Amino acid sequence: MVDQLLSLQPKLQRFLAATLPVEVSRELRSVTFHQLEALACLPPAGTSMRQFAASVGISGAAATALADRMIRQGLAVRRDDPKDRRTVWLAPTAHAMELVASFRSSQRSSMSRALASLRTDQVAAILDLLRVLVPPESTPP
């Protein structure tokens, strides 16, 4: 059963990705899923690199490398903190925020279509099981 569950996970992800509108898929071609997850963690006003690393769950060095890639792609900007020159802030660009919003909206639509063939009690059962399997996230930093 474990192997079956593991084999279904990427199939579900491919199914959901395949149902994204063409314009969203085209826009996201140069953005990795990891970058989308990271951008979703960035508040519009930005956050310190230390907080960014913690929210994404990666080391400071990995967060710097990820931030550098996102900056090169025009998805984020780095700013110095005027109150503390040792602190660097990372903020999403307007374009990145639009991408994340578009991706989230498309994900909701895709999932709604995928769940449409199920009864309400079946969807509730899936949610109940996922809540048991996926531990609650820790308190944000």
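The rows are residues; the columns are (1) in contact (Cβ under 8 Å) with a residue 60 or more places away in the chain; (2) within 22 Å of L5 (Cα to Cα).
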site: R104; (1), (2): yes, no
site: A114; (1), (2): yes, yes
site: S117; (1), (2): no, yes
site: D121; (1), (2): no, yes
site: A124; (1), (2): no, yes
site: P136; (1), (2): no, yes
Exercise. Which is within 15 Å of the chain's Cα centre (by Cα), part of a helix (DSSP H, G or I), within 12 Å of F103 (Cα to Cα) and of a type outside the set (S, T, N, Q), of E23, E37?
Worked result: E37
Seminar exercise, completed: If we keep only residues of the range 115-141 that are farther than 19 Å from L12 by Cα and of a type in the set (D, E), then the residue modelled with the lowest pLDDT is E137
Exercise. If only one of S110, S117, S55 is buried (at least 17 other Cβ atoms within 10 Å of the Cβ), over 15 Å from the mean Cα position of the chain (by Cα) and small (G, A, S), which one is it?
Worked result: S110
Problem set entry | Hits in the range 63-87 - residues which are of a type in the set (D, E, K, R) and either within 16 Å of the chain's Cα centre (by Cα) or not in a helix (DSSP H, G or I) (or both) | R69, R78, R79, D80, D81, K83, D84, R85, R86
Problem set entry | Test result for L90, surrounded by 11 or more Cβ atoms within 10 Å (Cβ to Cβ) and in a loop (DSSP other than H, G, I, E, B) | no
For this session: Go through the residues of the range 93-106 one by one and say whether even a single one is farther than 17 Å from A53 by Cβ, acidic (D, E) and either within 22 Å of the chain's Cα centre (by Cα) or crowded, with 16+ Cβ neighbours inside 10 Å (or both).
Result: yes
For this session: State whether the residues of the range 126-133 include one that is part of a loop (DSSP other than H, G, I, E, B), more than 22 Å from the chain's Cα centre (by Cα) and free of Cβ contacts under 8 Å to residues at least 24 places away in the same chain.
Result: no
For this session: Considering only residues that are among the aliphatic types (A, V, I, L, M) and without any contact (Cβ under 8 Å) to a residue 24 or more places away in the chain, look in the range 18-41 and name the one that is nearest to Q107 (Cα to Cα).
Result: A18
Problem set entry | Residues of the range 41-62 satisfying the condition of being part of a helix (DSSP H, G or I), of a type in the set (A, V, I, L, M) and under 16 Å from A96 (Cβ atoms) | V56
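The values are calculated or read from the model by the stated rules, or taken from the named source; none is laboratory data. Bear in mind that the values here come from a model prediction, so they are computed numbers and not experimental data. For neighbour counting, all protein chains shown are included, and Cβ atoms are generated from backbone atoms with ideal geometry for every residue, glycine included.
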